[in-house]
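S.K.: The structure follows.
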Amino acid sequence: MRRIGSSTSESFSKSISVLRQRLVEKHRNSYAYLSFSKAYSPAPVSKVALMNHLNAVMPNRMMTRHCRCSVKSHGISLVVVAALSILVILACASVVVEGLPHSRPVSSQPIPGSQCSTVIPGGLALQSDTGNATTTIVQDAVFVMSPGSTAELCVTYNVTQIAAAQSLSDVLFSAKVYSFSTTPITGSGGKGFMYSFTNYTGVLTGADPEIASFSQGSTGGAVNVVYSLTALSGTNGFYSLSFTNSCPSSMPFVIGSSASQISDTDFPGFFMPSSCRAQIPLSTGIVTGYSGMQVLWISQGESP
Amino acid sequence: MRPRHVAGIALVFLLVISLPVYIPAYAYSSNSNYYMGITPNECSNTGSETNLEFTSNMITTGVNGNQWSAQANSYAVPNVRIIDFMQFNMAIDKSGHVYAAVEYWTTSGELFNWNSAPLATVSHVYAGDAFWIITYLNVYTQVVQAEFDYYRAATQTLYSVTYNIPGYAWVPLVSWQLNIVGENNLNNPYATFVTGSGQIAYTSSTLTGQMTGSGMASSCAQQPIVWTAEQSNMAYGSLSPIPSWTVTQNFW
C-alpha cells in the first residue's frame, strides 16, 4: 500500500513557497480588471417519455446489485442468526468492495444477437501506438462504406460506479457523420489542430436503443448499442464518424473509395493523440462488432 | 439464557468486532475528483489555479514508468460555440517529456487540440517536483490564457509555457476538477501508479470568491455530466465543506 510521504525537505518547501507566492501574485494580478459573473439558468434536463420505450425494448439494461441486509430472526436460534449474519456480511462486503476507488470497470460483454456479422469480443483498436519506447506511430481504424449500402456498428459501454452525489441524466445514443476541416495551430511553440465539423446529410444514422437511464448509487454492468449507418446513393468522399462517447471522438470514415485510394493525408489532424471525454456514468464506447463495412488501419509517424 | 444462545451472542459479538472498518461505496478517485467552484453562488465564473506537489516519485506501469497526466478539467457556461469541456493538462510521455496540452470540446467533438513542445525531459517526475496549471481571465471572466509550470526540485529549475486561447474560444468556466489519470487515449489511458502521492492546492482569486469542493459540477455549466475518459488507480482525500480561498487535498 502506497502512503503519502511524511514531509518534504525544508529547502524544497522554501523554494516551492517562493514559487507559489510568485505565481499566486501573478494570478491574482490577472484578476485586477475582473467584473463579477453573470448568473446563467441551468439548461433543462429532459426526463424523456422514451423511458417507457426503453423499458420495453431493454428491460435489463442496468445490472444493478443491491445488498439487502435485513434478516428475520423470529423463531430462529441465535446461532442460526449468527450464521446468516456471516453470509449477509460477506455478501455486503462483496458489493462494497466493488466500489473501492481502485476497482476497474467490469469487462465488456459480447454483443447478443447477430446484427454485427464481424464480432470482436476484445473490442476494435480504434487508435493505437505502434511505435517503440521512444517513437510514436499512430494507427487509426478507417471505416469504409459503399454508396447505397447500410452498415451497423455494435458498441458496448461499461457502466461505472455512480456516486450518490454525482450529477446524472439520461444518456442519448446517436451516431454522426461530419464533413470536416482542420487547421494547424502555428506560432504556439507546440503543435496542434483546430477542427470544424458540419453535419453531413448523405448518411442516415440511427441507434438502438436511443436512450438509457441510470439510478444514483448503482454500480457496474454494461449497455450494448447498435448504430446503423445508411449511405445514400451517389455519395462519396472522406468524412468523420462519431458516436456517443466514441474515443477518439472523430474517426476516419470513407464512402466509395478502395483501400489503395486512402492515406493518412486524407485525414489531417486525426492522428494526434488526444484525451477523450465521456458522459457520466458510461465509459467510452468499445466497438465489439460491425457489418456492411470494411475496416482498414492506416498509420502516421510522429517525431519522438 | 440457554448456553447455545450465549454461544450465538458470543459469535455475533466476535463477528462484529472483527468486521473491517466500513469502506464507503464511493470515494473520490481516478477521473472523478471533487468539482471546485465558488461558494455560495455556484454560477459564479472563476479562474482556476491548481498546484500539485509530489511527495513521492510518480511511477506508473506505463512505458519507462511514465505516461500519465494531471488534468484540470473545466466546465464552461453556455456559449455560442457550445464549448462545454476544457482540458488544461500536464503530462509525461514514454520518452520522459513533460509537456502541456489544451483541448477544448464542443457538443460536436473537439474544437482544438494543442500540445506544447517538451518543457523538460526526465526519467520520471520525482518526489519534491511540482506542477502548476493556471488559467487567466479577461474583464469578461473569459479564459484567455493558460500557464503550465514544472518545478524540478533536483535542479531548482522552473520550466514554464503559456498558451493563448484563440479568441473564438474565449468562454468563462464555472467548475473545474483535477484528475491524475492516464496520459491520453492513445498512451496508457488507464494509469496504474506503482508509486505516487502528494498534495493538490486549489487557489481561488480574491475577486471571484471562496471555493468549496462538490460532488457535482455547477448546474450553470453547459454540460455538467461529462468527464474525462482517462482513468487511474489514484485516490483523492476528503475536502472540508467550509469555503476557503485555498483548498488542499492529498492524493495517493
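Only the coordinates and a few stated rules stand behind these numbers; no lab work does. Note that the structure is a prediction, hence the values are computed from the model and not measured. A quick note on method: Cβ atoms are made from the backbone with ideal geometry, for glycine too, and the neighbour counts reach across all protein chains shown.
S.K.: Taking each residue in B:113-120, count the Cβ atoms of any other chain within 10 Å of its Cβ, then average. What number comes out?
M.R.: Partner Cβ neighbours, averaged per residue: 5.
S.K.: Give me the percent of DSSP beta bridges within the range A:118-302 that run antiparallel, rounded to the nearest 5.
M.R.: 95
S.K.: Right, here's the next one. Could you order peptides B:125-134, B:232-241 by the average number of other Cβ atoms within 10 Å of their residues, highest first?
M.R.: B:125-134, B:232-241
S.K.: Let me ask something else about it. How far apart, in nanometres, would the label points at A:Thr118 and B:Thr157 be if each is projected 7 angstrom from Cα along the Cα-to-Cβ direction?
M.R.: Distance between the two pseudo-spin positions: 4.8 nm.
S.K.: When a footprinting reagent is the concern and you count Cβ atoms within 10 Å, what order do A:Arg277, B:Arg81 take, fewest first?
M.R.: B:Arg81, A:Arg277
S.K.: If you rank A:Phe180, A:Phe193, B:Phe88 by fewest surrounding Cβ atoms within 10 Å, what's the result? It would help to have the intermediate numbers written out before the result.
M.R.: Numbers: A:Phe180 22, A:Phe193 18, B:Phe88 28.
In increasing order of surrounding Cβ atoms, one gets A:Phe193, A:Phe180, B:Phe88.
S.K.: By counting other Cβ atoms within 10 Å of each Cβ, how are A:Thr230, B:Thr228 ranked from fewest to most?
M.R.: A:Thr230, B:Thr228
S.K.: Counting each pair of different Cα atoms once, what's the Kirkwood radius of chain B in Å, rounded to one decimal?
M.R.: 19.2
S.K.: Roughly speaking, what is the centre-to-centre gap between the range B:46-64 and the range A:182-233 when only Cα atoms are used, to the nearest Å?
M.R.: Using only Cα atoms to place each centre, the spacing works out to 30 Å.
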